[in-house]
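The values are calculated or read from the model by the stated rules, or taken from the named source; none is laboratory data. Model, not experiment: these values are computed from the prediction. Don't worry about glycine lacking a Cβ; one is built from the backbone with ideal geometry, like all the others, and counts go over all protein chains shown. Remember, those area values only see protein heavy atoms, side chains included, never the ligands or the DNA or RNA. Shrake-Rupley method; radii C 1.70, N 1.55, O 1.52, S 1.80 Å.
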Amino acid sequence: MPSPQVPPLPRDQLPEDLKPLFDTSEERTGDATIVSVMAQQPDILRWYFGEFYDGLFYNQHKGMRVDVRTKELLRLKLSKQHGCQFCNRFNTVEAKEAGITDAMIDAIFDVSSSEFSEKDRAVLMLAEEMMLQNMEGQLSAGLYQRLRAHYDEGQIIEIGFIAAVLTGVAKWIFTFDMVNREETCPIGPPKAAE
């Protein structure tokens, strides 16, 4: 169970507009610690789930041009790699709603799987470059060309930025001990109290 130093706010102390987010987190993952801790700064919580997710990820911002299914595949690959239990439980539901199949989820670590199209493979390969464990990650000329076969330059920037935010937030939520870690998590368990 997460044990953050920043105390989680109980549901009854959350602003009314954030209680549904708490409830959805509890329902889908069994744990809303991340919401309760982030609620200590409710404007950041609102930005992350409103502006980032609704606006950039789910394309409510008119300038977003990458399809949601692609973003769901990217997010699921990143979360499966970094091993956030909350993320994986939440993201699996959303990915399935966007058309990602159980067979794709089972093959998520095998980029060459016949479950994936060439477009999917390019996105999965970018996720491998962006993941927490890859300190040498790079958008090589070859990977760029694979992406460019399916996306224009602006869309490649959009995919990369989405991956960057998700990866940075993953590091933050592990560092602040707001989520349970799965075995695949590259960030070790919290150190014993000093």
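Each peptide in 178-189, 108-119, 155-166 gets a packing score, the mean of other Cβ atoms within 10 Å over its residues, and the list from highest to lowest is 155-166, 178-189, 108-119.
Sorted by packing (mean other beta-carbon atoms within 10 Å per residue), highest first, where do 73-81, 85-93 land? Walk me through the intermediate numbers first.
Details: 73-81: 23.8, 85-93: 19.3.
Packing proxy ranking, top to bottom: 73-81, 85-93.
With Cα atoms defining each centre, the range 73-93 and the range 1-72 are spaced 15 Å apart in the structure.
Ordered by solvent-accessible area of protein heavy atoms (1.4 Å probe), largest first, the residues 31, 54 come out as 54, 31. Among the protein heavy atoms of the range 1-106, carbon and sulfur supply 51% of the accessible surface, probe 1.4 Å, non-protein parts ignored.
Quickly estimate the mean residue ellipticity at 222 nm for the chain, helices only: each DSSP H run with n ≥ 4 gives -39500 (n - 2.57), and the total goes over all residues, rounded to 500.
Working: 9 runs with 99 residues, N = 194.
The per-residue figure over the chain is -15500 deg cm²/dmol.
You can think of it this way: the chain between residue 139 and residue 175 has 10.3 nm of extra reach, that is 0.36 nm per residue less the Cα-Cα gap. In terms of its C-alpha gyration tensor, the chain has a prolate overall shape, because the principal axis ratio a/c (a ≥ b ≥ c, square roots of the eigenvalues) is not below 1.5 and a/b outweighs b/c.
Note the full-extension length gain between residue 48 and residue 118 as 0.36 nm times their separation in residues minus their Cα-Cα distance, in nm to one decimal.
Details: separation 70, 0.36 × 70 = 25.20 nm, distance 3.05 nm.
Length gained, residue 48 through residue 118: 22.1 nm.
Take residue 171: with every protein chain present and a 1.4 Å probe, its accessible area is about 100 Å². Evaluated at q = 0.13, 0.20, 0.22 Å⁻¹, a Debye calculation over the C-alpha positions of the range 96-194 (equal weights, vacuum) places log10 I(q)/I(0) at -0.57, -1.16, -1.28. Computed from the C-beta positions of residue 26 and residue 152 and an R0 of 30 Å, the FRET efficiency is 0.15 to the nearest 0.05. Legend: helices of the chain (whole DSSP H runs) are marked when their alpha-carbon atoms reach 24 angstrom or more along the helix axis and their mean Kyte-Doolittle hydropathy is at least 0.0; marked are 153-175. Applying the Karplus relation 6.51 cos²θ - 1.76 cosθ + 1.60 with θ = phi - 60° to the range 52-59 yields 3J(HN,Hα) values of 5, 5, 5, x, 8, 6, 9, 6 Hz, where x marks Gly and Pro.
What are the aspartates and glutamates whose alpha-carbon lies under 16 Å from the alpha-carbon of residue 96, with same-chain residues fewer than 8 places away excluded? Those aspartates and glutamates meeting the cut-off are 67, 72, 106, 115, 120.
With every protein chain in place and a 1.4 angstrom probe, the accessible-area ranking of 24, 70, largest first, reads 24, 70. Counting only residues at least eight positions apart within a chain, or on another chain, the aspartates and glutamates with an alpha carbon under 15 Å from that of residue 171 are 182. Think of each Lys and Arg Cβ as +1 and each Asp and Glu Cβ as -1; about the Cα centre, that makes the dipole of the chain roughly 280 debye.
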